[in-house]
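Okay, structure first, notes after.
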Amino acid sequence: MTTIQVNMHEAKSKLSQLAEKAWGGDKIVIAKAGKPYLDLIPHKEKIQERTPGRYKGQVKISDEFTNTPQEIIDLFDGDKS
């Protein structure tokens, strides 16, 4: 990982190239008056961790759920007879 520091003017004119470098893992620091001012980092979606039981008591399964006719089961299993 390389750290690249550029001034504000250079960052404006080379934003696309700097963005690609940031996605590639480089640390991009944008400076104002020679001092670090901003970091350019890639946006990554946060993956929300699954919470088991979140819908407990809200989902109803019919009593008929386990009484699926054999002809329907055969269709899902690929038996076309």
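Overview of values
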item: Listed values (1) 14, 23, 12, 11, 11, 16, 12, 2; (2) 15, 22, 12, 15, 25, 11, 0; (3) 21, 58, 20, 0, entry calculated as P(r) over Cα pairs in 10 Å bins from 0, in percent; result: (1)
item: Label-point separation in nm, Lys46 to Ile73, each point 7 Å along Cα→Cβ; result: 4.5
item: Among Ile30, Ile41, Ile61, residue whose mean-square fluctuation peaks in a GNM of the chain (springs only between Cα atoms under 10 Å); result: Ile61
item: Spin-label proximity, Gln5 to the stretch 17-47 - amide N less than 16 Å from point 7 Å beyond Cα toward beta carbon; result: 27-40
item: Residue of Lys60, Lys46, Lys14 that the Gaussian network model of the chain assigns the largest fluctuation, springs spanning Cα pairs under 10 Å; result: Lys60
item: Under 16 Å from Lys44, Cα to Cα: lysines that are on another chain or at least 8 residues apart; result: Lys21, Lys27
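We did not get these values from a lab; they are worked out from the coordinates using the rules stated. Just so it is clear, the structure is predicted and the values come from calculations on it, not from any experiment. Cβ atoms come from the backbone with ideal geometry, glycine included; neighbour counts cover every protein chain shown.
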